[in-house]
Amino acid sequence: MNYTDTHAHIDGPEFDADRDEVVARARAAGVSRVFVPAINLDSVSTVLATCERYPGFAYPMIGLHPEEVRADFRDVLARMRTLADSRFIAIGEVGLDFYWSREFEKEQLEAFEEQVRWAVELRLPLMIHCRKGQNEMVGILRRYAGDLAGGVFHCFTGNGREAEELLRFDNFALGIGGVLTFKKSHLPEVLPHIPLDRIVLETDSPYMAPVPMRGKRNESAFVSHVLARAAQCYGVPEETVAKATEATVERIFGRLDNR
C-alpha cells in the first residue's frame, strides 16, 4: 500500500541532522513520494537540492509563500520566474494569509494572482495556502478558472460549505493533514461529505504533527496516521483511501515516474 505526502518541508533546517533517516522512515511507512514546496527565493535551492538527493521520491514546487511577501515581492517574483522550468511539478506554496496581519494585503493579492498566471502559462497545478482569505482567493481563482490545470487547497480545515465552494474548481482537491486527528477538530464530521476522490494526504512537516505524535516534529512517515483516521471517517479500509488519493494525485500532477 503506497501513498503520497503531497506537502512536506523536508528541505528545512529541522531535518538537516537526520534527513536520510526521515526519508527511510517515510518509505518504510508506505510513503512512495513527497512533494516539497518552496516558500521564498532562498528555499528554491534547498528544495531542488533535497529533491535531487532523493530522485523518484521527492519532487519540487516553486512559489512565494504569502507570509514571505514583503515590499520587494515584485523583484523576488521576477527572479523566481526565471527559475520556474520543467523541474517543478507545481506552483507552490502560494496563496493568501491574513491570520496575523493584513499589513501586506495588497501585495499578497498581487503576488498570488501573478503566480496563478504562472500556473496558467506553465500548465502546472497550484499548491495553495489560505488562512482568513478564502473570499479573496476564490475571487482571484475565478478569473482564471477556465485555464487552470488544477491543484490542491493545502491544509483544509473548513466546513462543508467552504469545501463545496473550493471543489467547484475543476481538478482541485483538498489537502488533508494532521488536523483531522486533533481532538477538537470538526473535520471528522465534514470529511464524509467530501467525495473521497477530491482529497489528498499531506503532513506539512515539520509542522502540525498528527495524534498520537502531537508536540513532536512532524515528518512524512506520520501521514500514515492521517490515512488511518481518514479511513475511519469514510468507513472504508485504509487501502481504499490510499488508492483513491493516489489516483487523485496522478490526475492533478500527472505521472511523475518518468521525471
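Values for this structure:
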| quantity | calculated |
| --- | --- |
| Neighbour cut-off at most 12 other Cβ (10 Å), DSSP loop, GluC sites (Glu not before Pro), segment 70-138 | 103 |
| Where the Cα pairs of segment 1-88 fall when distances are cut into 10 Å bins, in % | 17, 47, 27, 9, 1 |
| Total formal charge among the other residues, if their Cβ is under 12 angstrom from that of residue 197, Lys/Arg +1 and Asp/Glu -1 | +1 |
| For residue 92, distant residues with modelled amide H under 5 Å away | 38, 62, 63, 127 |
| Whole-Å semi-axes of segment 89-225's equivalent ellipsoid (Cα gyration tensor) | 25, 17, 15 |
| Most mobile of 126, 227, 77 in a GNM of the chain (Cα contacts under 10 Å) | 77 |
| Burial ranking of peptide ranges 21-31, 180-190 (average Cβ count within 10 Å, highest at the top) | 21-31, 180-190 |
| Shape metrics for segment 41-145, restricted to C-alpha atoms - Rg then Dmax, Å | 13.6, 40 |
| Under the Karplus curve 6.51 cos²θ - 1.76 cosθ + 1.60, θ = phi - 60°, whole-Hz ³J(HN,Hα) for segment 127-142, x wherever Gly or Pro sits | 10, 10, 9, 8, 10, 6, x, 5, 4, 5, 4, 4, x, 5, 4, 4 |
| Dipole magnitude (debye, nearest 20) for segment 97-197, charges at Cβ of Lys, Arg, Asp, Glu | 300 |
| Rounded percent of accessible protein surface that carbon and sulfur make up, the chain, 1.4 Å probe | 49 |
| The chain, dipole about Cα centre (Lys/Arg Cβ +1, Asp/Glu Cβ -1), debye to the nearest 20 | 440 |
| Inter-centroid distance (Cα atoms) of segment 12-65 relative to segment 85-157, Å | 21 |
| For segment 228-243, Karplus couplings with θ = phi - 60° (6.51, -1.76, 1.60), whole Hz, Gly/Pro x | 4, 5, 4, 4, 4, 5, 7, x, 10, x, 4, 5, 5, 5, 4, 5 |
| Whole-number percent relative contact order across segment 21-72, with pairs defined as alpha carbons under 8 Å at least 6 apart | 38 |
| Mean Cα-pair separation over length for the chain, i.e. relative contact order, pairs under 8 Å, 6 or more apart, % | 20 |
| Segment residue 83-residue 182, length gained on full extension (0.36 nm per residue, minus Cα span) | 31.8 nm |
| More than 24 angstrom apart: percent of Cα pairs within the chain | 43 |
| Heavy-atom accessible area per residue - the chain, 1.4 Å, Å² | 44 |
| Candidates per trypsin sites (Lys or Arg not before Pro) in segment 57-89, loop by DSSP, up to 11 other Cβ within 10 Å | none |
| Over segment 133-259, relative contact order from alpha-carbon pairs under 8 Å, at least 6 apart, % | 22 |
| Label point distance in nm, residue 214-residue 40, each placed 7 Å from Cα along Cα→Cβ | 3.1 |
| Net lengthening on full extension, residue 193/residue 247 (0.36 nm per residue, minus Cα-Cα) | 17.5 nm |
| Residue 196 accessible area, assembled protein chains, probe 1.4 Å, Å² | 40 |
| Sum of -39500 (n - 2.57) over DSSP H runs of 4+, divided by residues of the chain (222 nm, nearest 500) | -12000 deg cm²/dmol |
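The values are calculated or read from the model by the stated rules, or taken from the named source; none is laboratory data. Note that the structure is a prediction, hence the values are computed from the model and not measured. In this analysis, Cβ positions are derived from the backbone assuming ideal geometry, glycine residues included, and neighbour counts consider all displayed protein chains. Only protein heavy atoms, including side chains, enter the accessible area calculation; ligands, DNA and RNA are left aside. Shrake-Rupley method; radii C 1.70, N 1.55, O 1.52, S 1.80 Å.
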